[in-house]
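*Asks:* Below is one structure. I have some questions about it.
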Amino acid sequence: MHLGLITASHATTTYGKQKQLQMLSRIAAWFPPPRPPYKSASKSKRHRSISSSSSFADKEKQKRKPLFASSIIQEILLGLKCVSKGWHRLISDLSFIRVQLERSQTISGFFFQERFHWCDEDIESLSYLPVGMEQAVVQNNILDFLPENVVIKSSSNGLLCCRSCLPAQDPVIYVCNPSIKEWVKLNWAKPDKNDSFALAFNPLSHLVDICKDFKVVSIHQTETETNSYLSIKIYSSETGAWKTLEEAYECCYNLFKNHGIFASGYLNWLTDGHHILAFNIEKEQVQLIELPSTIVSFKDIPEMCIGESGGHLHYIRISGAGLQVWFLENYAEPEWVPKCFVPLDGLERENPQFLFKVSLKVARRMTIDEISWMDPLAFQDDLLFMRVSSKIYQYDLQTMKMKELCTLEVLGRNSLVGPTVLPYSMSLVPLGHH
């Protein structure tokens, strides 16, 4: 690959800091650009429907087409860091890392891990599916740099939160950066498989420098004969210690899909009671936010997930009405703004190679115990990662097109029901331990 034939030693000795950053900016230009932020709809037109033209969608897709996929760029950069100390210093430079973050705030792929639902043991294997490539190749060794097999719990702006697979002799929590294979280990005082861990990390929170501080929030749910309570612990990398909140929060709902989504300074969990559980990171306060009502009333059983895009929390729902997407405009006075509504027949019309009589198949599900035909698994940057029957697809809200990624057979025999699925964005932010 042509890099202008500039050697690392030449860059570090002959050129000044400004020239170095110019060269790093050229490398940063390889990264996929961030998707254009979503603009709030006017009150007269609160959601976008299937009526958008396919020609416009195709043009938008071409505009966003990256020079290289994030996974390829990652290999190039990691390889350059090993060429010489000069290249290592350049690519580890915080100025370059900030440029990379600002240019590539877009999803790189999805982590996928099966779960046992009626067993105390964890499934050790996990998969990673990159996006932005012509053909998705499932990778199974992304987290092999960690000292043990782990269960993935949460992701945030390039960092991943995991825990030891149970049973384990001395289980711990890991926060790692898979892109540069660095990790830190946190104590886990009272291990419980049902504890929910969520990661909050915002490297661009400072105006100039890179912020390396992160927080991990642990939620333990205790049920009594009459009610349910949440106990919350917070780990801060700044202090290197856990803090237990004195107040136990009453909550009659169970956490659903069991991982927190970081958006707008809040960690958010979907519950089974038509509410979002939101935790304000700075104020350390809990808030319950009611989910929006459906556009069309259907008697079937919907499937849903939450995710982040453009800095906003999003709520995705698939039912007999179709695919519906809202975003939360603010937390002080919660308001869900409709963003997208695609009827099932419109979804099928735009993707006939993947869908056939989808309305009929979705309507066949009569009880919550039956396996759904379509299941939204994760969402980030207007990309929906979902299961349709026995295959995994990504759906682009901006182009309204689906892309087949793989079959469930590739992901494991327990991948059909309730897997853990986390979106991931590449980052070069160092953790300092490896």
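*Asks:* Please enumerate the residues belonging to the stretch 118-136 that are closer than 21 Å to residue 391 by Cα and of a type outside the set (S, T, N, Q).
*Replies:* Correct list: 123, 126, 128, 129, 130, 131, 132, 133, 134, 136.
*Asks:* Report yes if some residue within the stretch 235-242 is crowded, with 19+ Cβ neighbours inside 10 Å and modelled with pLDDT of 95 or more; otherwise report no.
*Replies:* Step one: of the stretch 235-242, the residues crowded, with 19+ Cβ neighbours inside 10 Å are 235.
Restricting the remaining residues to those that are modelled with pLDDT of 95 or more gives 235.
Yes, the stretch 235-242 contains at least one residue that is crowded, with 19+ Cβ neighbours inside 10 Å and modelled with pLDDT of 95 or more.
*Asks:* Filter the stretch 303-355 for residues that are touching a Gly at 6+ places or on another chain (Cβ under 8 Å) and of a type in the set (Phe, Trp, Tyr); which is farthest from residue 393 (Cα to Cα)?
*Replies:* Checked the stretch 303-355; the qualifying residue farthest from residue 393 (Cα to Cα) is 327.
*Asks:* Among the residues of the stretch 91-119, count how many are at pLDDT 85 or above and among the basic types (Lys, Arg).
*Replies:* 1
*Asks:* Considering only residues of the stretch 336-357 that are of a type in the set (A, V, I, L, M, F, W, C) and farther than 16 Å from residue 400 by Cα, which is surrounded by the fewest Cβ atoms within 10 Å (Cβ to Cβ)?
*Replies:* 356
*Asks:* Continuing with the same structure: Assuming residue 216 fulfils every condition listed in (1) farther than 24 Å from residue 264 by Cα; (2) β-branched (Val, Ile, Thr); (3) at pLDDT 90 or above apart from one, which condition is it?
*Replies:* For residue 216, the failing item is (1).
*Asks:* Taking the conditions exactly as written (over 19 Å from residue 211 (Cβ atoms), at pLDDT 95 or above and in a loop (DSSP other than H, G, I, E, B)), does residue 148 satisfy them or not?
*Replies:* On the way: over 19 Å from residue 211 (Cβ atoms): yes; at pLDDT 95 or above: yes; in a loop (DSSP other than H, G, I, E, B): yes.
So residue 148 passes the test.
*Asks:* Mind telling me which of the residues 209, 192 ends up being surrounded by fewer than 14 Cβ atoms within 10 Å (Cβ to Cβ), under 18 Å from residue 429 (Cα atoms) and at pLDDT below 95?
*Replies:* Answer to the selection: 209.
*Asks:* Now for a different question. Kindly indicate the residue of the stretch 213-244 that is of a type in the set (D, E, K, R) and farther than 21 Å from residue 172 by Cα and also farthest from the chain's Cα centre (by Cα) among those meeting that condition.
*Replies:* Per the criteria, the residue is 225.
*Asks:* Additional query: Take the stretch 266-291 and flag every residue that is without any contact (Cβ under 8 Å) to a residue 24 or more places away in the chain and under 15 Å from residue 332 (Cβ atoms). Give the derivation first.
*Replies:* Within the stretch 266-291, the subset without any contact (Cβ under 8 Å) to a residue 24 or more places away in the chain is 271-275, 282-283, 285.
Across the stretch 266-291, the qualifying residues are 282, 283, 285.
*Asks:* On to the next question. May I ask you to list the residues in the stretch 354-392 that are under 29 Å from residue 132 (Cα atoms) and β-branched (Val, Ile, Thr)?
*Replies:* Passing the criteria: 358, 362, 388, 392.
*Asks:* Sticking with this one: Of all residues in the stretch 122-157, which are free of Cβ contacts under 8 Å to residues at least 40 places away in the same chain and among the β-branched types (Val, Ile, Thr)?
*Replies:* Passing the criteria: 137, 142, 150.
*Asks:* If you don't mind, another one. Looking at the stretch 160-183, can you tell me whether even one residue there is modelled with pLDDT under 90 and crowded, with 19+ Cβ neighbours inside 10 Å?
*Replies:* Yes - at least one qualifying residue is present in the stretch 160-183.
The values are calculated or read from the model by the stated rules, or taken from the named source; none is laboratory data. Just so we're clear, the structure is a prediction, and the values are computed from it rather than from any experiment. When we count neighbours, we look across all protein chains shown, and the Cβ atoms used for this are built from the backbone with ideal geometry, even at glycine.
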